[in-house]
Amino acid sequence: MTPRDASDDSRWSDLERPPLNALALRRGLLREGGLWREVTVVQSTGSTNSDLVALAGSGKADEGTVLVAEEQTAGRGRLDRQWTAPPRSGLFFSVLLRPAEVPVTRWGWLPLLTGVAVATGLSRSAGVDTALKWPNDLLVTIDGQERKAGGILAERAGDDAVVVGVGINVTLRESELPVPQAGSLALADAVTTDRDPLLRAVLRSLEEWYGRWRGAGGDPVASGLQETYAAGCATLGRVVRAELPGDRSITGEAVAIDGDGRLVLATEEGVQEPVGAGDIVHLRPA
């Protein structure tokens with residue numbers, strides 16, 4: 001689908017959900033020597049990840065390109081699950097990264113790094129305590145219950161680049177939630193739901209963490225990433241079920257995040273098994 005630029009349509013269908021200010025975002029984020037090189041806001045597109053992967057493949061996007069959509073009509077989560085939300089109700093964006101200084105074997109940390117960056121940025125800007133569910137979900141607490149308010153999807157773009165997509169529910173009302181387990185920053189009593197400062201805070205946090213990780217050659221210990229992710233990970237200390245490819249599952253206590261970013265489960269058989277991919281179901285609280 002061809003994206004439509006946000007400037008093409010200034011009409012607001014929901015006065016409580018004003019459009020993003022692309023010019024102000026560029027002023028606040030683009031600086032000499034910084035990571036972010038271009039910020040584009042489009043009115044609607046299928047998937048910002050798909051669009052940015054295509055741009056990277058055709059050589060039309062540099063590292064630090066940010067693509068933001070006011071609405072995604074074919075947004076995707078892990079395992080190609082659909083992500084839907086009303087226009088201007090959240091932050092839906094993708095970034096292009098080319099971590100040339102980091103061995104490819106460490107690129108698996110990028111979704112976890114993004115989770116740390118998003119949680120940090122939202123804590124600073126929205127005053128919301130965001131927890132991380134391994135490997136890529138953002139959780140908020142609403143009426144004492146953990147609910148998913150966002151997700152992260154990383155995709156390779158050729159041999160030298162990764163596109164990382166982020167979706168965050170900002171102003172979704174209870175009646176608009178796609179499933180009962182979903183949530184939003186508004187429902188979690190955020191101090192602000194103004195998407196412009198929220199997006200700036202998240203992207204600045206991502207720039208900070210990416211620079212730290214890249215400067216350490218992708219070392220999760222030296223960069224502080226492994227420790228920080230573990231500290232904010234709601235999965236650790238819980239009994240969970242890992243639903244793995246091939247209709248296989250493992251149940252055990254989540255005891256650690258290893259050096260490759262995998263979740264380590266201690267099973268009843270006394271085996272510690274690392275899980276590198278799969279759906280994680282929290283079976284009971286820590």
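Tabulated data for the structure shown
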{"item": "When region 71-162 is reduced to its Cα atoms, the Kirkwood hydrodynamic radius in Å", "result": "14.6 Å"}
{"item": "Inter-site label distance for Val264 and Ile250 at 7 Å from Cα along Cβ, in nm", "result": "1.2 nm"}
{"item": "Relative contact order for the chain, counting Cα pairs under 8 Å that sit 6 or more residues apart, in percent", "result": "15 percent"}
{"item": "Structure-based [θ]222 nm, the chain - -39500 (n - 2.57) summed over DSSP H runs of at least 4, per residue, nearest 500", "result": "-7000 deg cm²/dmol"}
{"item": "Rounded FRET efficiency, nearest 0.05, which uses the C-beta distance separating Gln272 from Leu15 and R0 of 45 Å", "result": "0.25"}
{"item": "Per principal axis, descending, Cα span of region 236-284 in whole Å", "result": "24, 24, 19"}
{"item": "Region 90-219: C-alpha pair distances exceeding 26 Å, %", "result": "22 percent"}
{"item": "Cα convex hull volume per residue for region 166-286 (Å³)", "result": "145 Å³"}
{"item": "Coordinate range along principal axes, alpha carbons of the chain, Å, largest first", "result": "60, 45, 35"}
{"item": "Equivalent ellipsoid semi-axes, region 160-233, via Cα gyration tensor eigenvalues times 5, rooted, Å", "result": "29, 14, 13"}
{"item": "Sites Glu32 and Val191 - FRET efficiency at Förster radius 45 Å, r taken between beta-carbons, to 0.05", "result": "0.90"}
{"item": "Relative contact order (%) - region 236-284, alpha-carbon pairs under 8 angstrom, separation at least six", "result": "40 percent"}
{"item": "Average silhouette area of region 111-177, convex hull of alpha-carbon atoms, in square nanometres", "result": "5.2 nm²"}
{"item": "Under the Karplus curve 6.51 cos²θ - 1.76 cosθ + 1.60, θ = phi - 60°, whole-Hz ³J(HN,Hα) for region 223-238, x wherever Gly or Pro sits", "result": "7, x, 5, 4, 5, 5, 4, 4, 5, x, 8, 6, 7, 5, x, 9"}
{"item": "HN-Hα J in Hz across region 95-104 - Karplus 6.51, -1.76, 1.60, θ = phi - 60°, x for Gly and Pro", "result": "10, 9, 10, 10, x, 4, 7, 10, x, 4"}
{"item": "Rounded tilt (10° steps) of 110-126 against the dominant C-alpha axis of the chain", "result": "60 degrees"}
{"item": "DSSP-defined antiparallel bridges as percent of all bridges, the chain, nearest 5", "result": "85 percent"}
{"item": "Neighbour-count order for Thr105, Thr114, fewest beta carbons within 10 angstrom listed first", "result": "Thr105, Thr114"}
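Where a number appears in this text, it was derived from the coordinates with a stated rule and is not lab data. Everything quoted here is computed from the prediction, not taken from an experiment. With ideal geometry, Cβ positions are generated from the backbone for all residues, glycine too; neighbour counts draw on all protein chains shown.
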